[in-house]
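Data block below; observations after.
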DNA sequence: TTGTAAGCGTTATCAA
DNA sequence: TTGATAACGCTTACAA
């Protein structure tokens, strides 16, 4: 039942007839201790199976070398790529990641924040849930000077740094592309416009319409949770419209795909009857037929940037307060789902 | 620069003229302290913004209330469901999760294990990477009596508990189903047969062939990393076969889908020319056309079972050593991709 | 019902 | 180059 006893620096010190101070210094490779003693200490540590106790250090240093990550969901291609990017930089810097998914629920996000807070993360990387209205659960971090960096779904917290793409521009390009294909009645499927990404995509959509003298029509805006199933339900709504729209711009690929599948089942031809553009360049966009035109954006890079920026903050390398928004490049990838004019594209 | 000072039990004790022992007891709702003092203490803690210091406790109690999770990848529907299941039980029990992805690399798995070890997780939940041969990186945990539970991709570590499905049976059913559809030349796409899931699926495939007097042919076994791209490459290999096989049983849906898409592009009709069965019931299986027949299995449940079992271990509720393998139910979901006989199915 | 005090394994200051 | 020692904030005998 009793755990095997842990080896501590006291044990090493005793065996070697040196002080724990020397052992401690040697273990962190302090140049002040002689090569010879260092070697002895390293060897003995190895031999006795010593392992460093993070908690003693945390207690002593008042920091944890842990970074919290709160994301809406783990299960998207995009998100797992972002996390891989984050891991690549934080691991290099000796930090550990505490990851939690809010499952798009404001309540779970609050809980996650509390867990992070109690675990005294040194910093926080956050992408907000759809639902979240109130950002009060982040105040506690601000109060303790724990830096927070938002990525993708960001907050307009005054002191927050953000890493994201120009969603407005992406949406503008998508919509303009559809217009260039001759579409005039363009449905936009999106999530409740609480998050910047959806607000901005909607704005880009409207701007493109306006710039091409197409009147904006509220009834073409469909709001749901952007799941594949929600896409199928959106299809039902679209089929009720009269006249039928000639294009759909969905705020993510999953939803676009669910919608396309359902419409096709109802006999709609894509892109001839209704053209489609999604967002994210999820792998599913190359499975659905026709392949989905979408906006590609760099998840891995986004993770790297967010993490690097956070770690700079932690190290006091406050890379000029001016750069508190980092904008990454995104691009429209045109595939068959939106090409009304030519048909030889793959 | 300096962090605002943290409030400790000493501060609370001083203000209230009680001892730190009383404060400590009150804070954990010890029945021995009077309701009145408790209330005073709780109120003051709230008011002064006290937060509990896990590290001091960890240091003192020699445990961390943290559970490590190592998975091959975060980005599958299956895995994120498993994690949601795990979260649901551990959070309830007051544990925190340390999650890490090995990205299917043995090296990263070793690193993750080291991180977990150094963070002194109380227990470990693991699903192995493709590549992992040697399980020595888990020995350190065994040596320290840290319980490990494997799920899905399990190890035959003698003392390990495992939670998984009957992969052999799933594969047997899939293959038998294809045979019932009249298929005789069935390709099996799988990962290197190091992991139980792939070994067992291969065994189930072989068994089904044998039971139906179909000779096993080595050239029908295609080994790759089961990604969507790998599926496309497998398609190229399949197109070289002469005669063409009449069915494919892939060890996951992503790979099946990549393969189907590529074959269709080459003019192969599915299921008429080649029927398909996948594994996992990933959402993509209802996007690809025709919809993919697959094996459904309960990720959320698997996460719950693994976590509950681990926590029982930690609490000493050693639910009989006999039950060191928990088998969950799986089921074949028949969709159009495998139906050669009828064509009216959706 | 409450208090005293030792101990958990580090780091860092000061002195030698 | 090394050592002695005081924190860091908590839990828990044991005593009162």
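Since every read-out is calculated from the coordinates, none of them should be taken as a lab result. All values derive from a computational prediction rather than experimental measurement. Cβ coordinates were reconstructed from backbone atoms using ideal geometry, including for glycine residues, and neighbour counts include every protein chain displayed.
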* To do: Take the alpha carbon atoms of region B:1-125, find their radius of gyration, then divide it by 2.2 N^0.38 Å using N residues; give the quotient.
  => 1.41
* Asked: What nm distances, shortest first, do you get from the label point of residue B:19 to those in the other copies when the point sits 7 angstrom along Cα to Cβ?
  -> 3.3
* Asked: Relative to the other copies, what are the label-point distances for residue B:49, with labels 7 Å from Cα along the C-beta vector, expressed in nm at one decimal and sorted shortest first?
  -> 4.4
* To do: Would you mind ranking B:120, B:57, B:201 by Cβ crowding within 10 Å, fewest neighbours first?
  => B:57, B:120, B:201
* Asked: Once you sort the root eigenvalues of the Cα gyration tensor of region A:192-346 as a ≥ b ≥ c, which label holds: rounded (a/c under 1.5), prolate (a/b larger than b/c) or oblate (the other case)?
  -> prolate
* If the viscosity is 1.567 mPa s and the temperature 4 °C, what translational diffusion coefficient in µm²/s does Stokes-Einstein give for region A:251-331 when Rh comes from Kirkwood over Cα pairs? -> 86
* Per-residue mean of C-beta atoms belonging to partner chains within 10 Å, peptide B:94-102 -> 4
* Structure fact -> One finds, for residue B:221 and residue B:329 with R0 = 41 angstrom and r their Cβ-Cβ distance, a FRET efficiency to the nearest 0.05 of 0.90
* To do: Can you tell me the FRET efficiency between residue B:157 and residue B:88 if r is taken as the Cβ-Cβ distance and R0 is 35 Å, rounded to the nearest 0.05?
  => 0.85
* Give the angle, between 0 and 90 degrees and rounded to the nearest 10, that separates the Cα long axis of helix A:299-314 from the longest principal axis of the Cα atoms of chain A. => 40
* Label-point gap, in nm, between residue A:52 and residue B:61 - each point 7 angstrom along Cα→Cβ -> 2.5
* Structure fact -> In degrees rounded to 10, the 0-90 angle between helix B:35-48 Cα long axis and the longest Cα principal axis of chain B is 70
* Given the C-alpha centroids of region A:86-162 and region B:137-190, what is the distance between them in whole angstrom? -> 36
* Structure fact -> So the FRET efficiency between residue B:273 and residue B:315, C-beta based with R0 = 56 Å and rounded to 0.05, is 0.50
* Structure fact -> With N residues in region B:165-257, Rg(alpha-carbon) / (2.2 N^0.38 Å) equals 0.99
* Asked: Taking neighbour counts of Cβ atoms within 10 Å as a proxy for exposure, in what order, fewest first, do A:122, A:133 appear?
  -> A:133, A:122
* Rounded to two decimals, what ratio of Rg to Rh does chain A give with C-alpha atoms and a Kirkwood Rh? -> 1.14
* To do: Kindly give the semi-axes, whole Å and largest first, of the ellipsoid equivalent to region B:9-52, taking each as the square root of 5 times a Cα gyration tensor eigenvalue.
  => 14, 11, 9
* Structure fact -> Yeah, the protein assembly as shown with a ≥ b ≥ c from its alpha-carbon gyration tensor (a/c under 1.5 is rounded, else prolate when a/b outruns b/c, oblate otherwise) is oblate
* Structure fact -> Yeah, region A:137-188 with a ≥ b ≥ c from its alpha-carbon gyration tensor (a/c under 1.5 is rounded, else prolate when a/b outruns b/c, oblate otherwise) is prolate
* Asked: Given only helices, namely DSSP H runs of n ≥ 4 each adding -39500 (n - 2.57), what is the per-residue ellipticity at 222 nm of chain B, to the nearest 500 deg cm²/dmol?
  -> -13000 deg cm²/dmol
* Percent RCO, i.e. relative contact order, over chain A, from Cα pairs under 8 Å lying at least 6 residues apart -> 16
* Label point distance in nm, residue B:301-residue B:185, each placed 7 Å from Cα along Cα→Cβ -> 3.8
* Which value in nm describes the separation of the simple spin-label points at residue B:28 and residue A:142, placed 7 Å from the Cα toward the beta carbon? -> 3.5
* Asked: Pairing the Cα long axis of helix A:228-240 with the longest principal axis of chain A, what angle in degrees results, from 0 to 90 and rounded to the nearest 10?
  -> 20
* For residue B:88, which inter-copy label distances result when the label point lies 7 Å beyond Cα on the Cα-to-Cβ vector, reported in nm to one decimal and in ascending order? -> 3.4
* Asked: Which ordering of A:206, B:15 is given by a fewest-first count of other beta-carbon atoms within 10 Å?
  -> B:15, A:206
